[in-house]
Every structure is written in C-alpha cells, then in structure tokens.
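Heads up, the thing below is written out as structure tokens.
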Amino acid sequence: MYGNSRSMSLQWLRAIGWSVKKINLKLLGFKDRCIPVVLCSHRLLPSRLSSLLSCLLVMSLFTSTSVRAETIEVLTYEESPFAVKVGITHQGLLVDMLKELFSRTALDYKLRFIPLKRAIVTTQRMPGHCVLPVVRSQEREALFHWISPVLVSRYGLFSRSNQTIPLTSLSDAKSYKIGSFLGSGIGEYLIDLGFDVELASISAQNLRKLKRARIELWAAELVSAQEQMQKQAINFGVPELIFYTSLRAMACNKQMPREHTLALENALKSMYLDGYMSRLYLEYGVKI
C-alpha cells in the first residue's frame, strides 16, 4: 500500500514540472533496508527555495517510513534447562544467552516458543526468522545462515531403571526401539543409520513412553535429560551409552542481511573470548 502511494506521488511531482531524483539510503550508512529519498528542484523556482522544499519532502518521507532494523523473530522450543516458559516469562540457558547476544548488537529480537519441526520450516520459509538450538547436518547446511555454536551437546541412550541394556557401541542398540523427538536432529541421525526410531512431538513424551515400555531406549541430550527426569520424578540413572557430541547452532533465514548475521557471529565470538559463555554454562552445571 505504501509503495503504491509513494510511486503515485513521484509521478505527480514530475507531471507538474519537478525534477525528481532518488538516492539509496544504504549509501548513507543505513544498513537495514533501502529507502528512496526524494530530491527535487523546479525549473521555475529559485534554487534556494527548491532546496528548502526538497528538505521538507525528505523530512516527510522519514516521518512516514521506518529506518530502524526489523525485529528478528527467534523461534525455540521447550527443552529444560535451556529454554522454558514460566507463566508469561522465559527462562533458561538459551534465554540468557540470547539476551546477552543481542545486547552486543544493534538488533532487536522477539522470542517465541513453537515445536521444533514447525520452527525449522517457518524459519526456512519466512525472512527475518531464526531458530535455535538446531543440529547442523549436511542436508540443512545450505538452507540457512548459521550462528554457531550456541550449545555444546552430548547425547546418550537411557534405558528403564528396572532394565539394563549393555551397550559398548552404538551398533549394539540396532535391535532396540529408540525414542527421540521431531526435529531434534539426533533422531534423524539415528534413522539415517538404520535404527528403529519412534519420534514424539516433544522430548518430554519419551520419558513416559520409556517408563511404560513403549520404547526400549531414549536418545536424549544429557543435561536436558537430567532436568526432565527431575521435573517428572522419573529416574533412569546414567545413560547406557554416550554416543554423540554435537555443536548446536542458531539457524537463520537465508534472506537475512549479511550485516545482521555478521553482527550476531561477532557478538557470539566475543562472548566466548571474554569468558561469558563459560560462566553461563557453569551456572547451569555444564562445563564447556
């Protein structure tokens, strides 16, 4: 709507004798978007008066058009203790990390919780969106801009407390039904290796499924698994096998301006270099 009205206004100015030029605000250091600024002169008016009217037109355009950076929509999912909704507030390691990350840039963000699978699809399709934490994989690599690593994750296979499944290598688990959740990355990794994996919509469902013997092993990130077991008062003890370590990242839509992703990359790097990330992980009982 705004674009159409602006185009008509420029046509009208030309029709009544104004010489109209446009410049790109990117050339003036505004890096978030390109906005045409109208510079005008009229052949029948003194140059000083034409300049004054040009200034008024530019000022009018600035008041009707936003030049601030668009707010980045950051999508995540509940995975305690990394990201949790408590009433109307958000808590967790990733929530704290995001707050610090964006505070080191000139960018604004809004955090929203939705299931991971939908968050990944939404981010892939919609500009101005990011999703975290996401496991980087060969098939995903070219689909997003990556800000990494935001989480160092170790994964294990848990069995029921009244059953021991001796595992010395991952291949020993091939004959068992394993529970994971949609979009986790680790479930898809095991499926690709030929394992029998049943995917739940959220990670917490797997505790109840394992307790009721609907699955035989639960593939889970270690810190998150301990937190979920405490929350649901279910204790599966230590994993039968720790089988995978990954660096999880924030994936952003491919159309996100490079200056935005570069600002986020530099901010994250500074958080590791000045020790912020080490201190943050220790607050949540994790060493990196």
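The values are calculated or read from the model by the stated rules, or taken from the named source; none is laboratory data. Bear in mind the structure is a predicted one, so any value in this text is a computation, not a measurement. Every residue, glycine among them, receives a Cβ derived from its backbone with ideal geometry; neighbour counts consider all protein chains shown. All accessible areas refer to the heavy atoms of the entire protein, side chains included, with ligands and DNA or RNA removed. Shrake-Rupley method; radii C 1.70, N 1.55, O 1.52, S 1.80 Å.
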* **Only one of 131, 121 that is under 13 Å from the mean Cα position of the chain (by Cα), β-branched (Val, Ile, Thr), more than 30 Å from residue 211 (Cα to Cα) and open to solvent by 30 Å² or more (accessible area, probe 1.4 Å)** => 121
* Grab the strands (runs of 3 or more DSSP E) fully contained in segment 47-137, keeping just those with 1 or more residues being hydrophobic (A, V, I, L, M, F, W, C), out of contact with any helix residue (DSSP H, G or I) (no Cβ under 6 Å at 6 or more places or on another chain) and at pLDDT below 95. => 84-86, 129-135
* Taking the condition within 20 Å of the chain's Cα centre (by Cα), open to solvent by 30 Å² or more (accessible area, probe 1.4 Å) and closer than 30 Å to residue 179 by Cβ, does residue 247 pass? -> yes
* To do: Determine, yes or no, whether residue 277 is of a type outside the set (Phe, Trp, Tyr), buried (at least 16 other Cβ atoms within 10 Å of the Cβ) and assigned to a helix (DSSP H, G or I).
  => yes
* Asked: What do you reckon, is residue 157 over 26 Å from residue 272 (Cβ atoms), over 26 Å from the mean Cα position of the chain (by Cα) and buried (at least 21 other Cβ atoms within 10 Å of the Cβ)?
  -> yes
* Asked: Which one of 222, 262, 199 is of a type outside the set (D, E, K, R) and over 28 Å from residue 73 (Cβ atoms)?
  -> 222
* Structure fact -> Among 217, 132, the single one that is touching a strand residue (DSSP E or B) at 6+ places or on another chain (Cβ under 8 Å), touching a residue at least 60 places away in the same chain (Cβ under 8 Å) and over 17 Å from residue 243 (Cα atoms) is 132
* To do: Quickly run through segment 250-268 and pick out the residues that are buried (at least 21 other Cβ atoms within 10 Å of the Cβ) and either touching a Lys or Arg at 6+ places or on another chain (Cβ under 7 Å) or within 30 Å of residue 158 (Cα to Cα) (or both).
  => 250, 251
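Give segment 145-189 a look and list any residue that's basic (Lys, Arg) and in contact (Cβ under 8 Å) with a residue 40 or more places away in the chain, or say none.
Within segment 145-189, the subset basic (Lys, Arg) is 154, 160, 174, 177.
Residues satisfying the conditions are 154, 160, 177.
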* Asked: Does segment 267-278 contain any residue that is basic (Lys, Arg) and farther than 30 Å from residue 167 by Cα?
  -> yes
* Scan segment 110-129 residue by residue and report those that are in contact with a strand residue (DSSP E or B) (Cβ under 7 Å, 6 or more places away or on another chain) and aliphatic (A, V, I, L, M). => 111, 114, 119, 120, 126
* Every pair of residues 6+ apart whose Cβ atoms lie under 6 Å, when the first sits in segment 80-91 and is closer than 16 Å to residue 231 by Cβ while the second is among the β-branched types (Val, Ile, Thr) -> 83/76; 83/95; 91/84
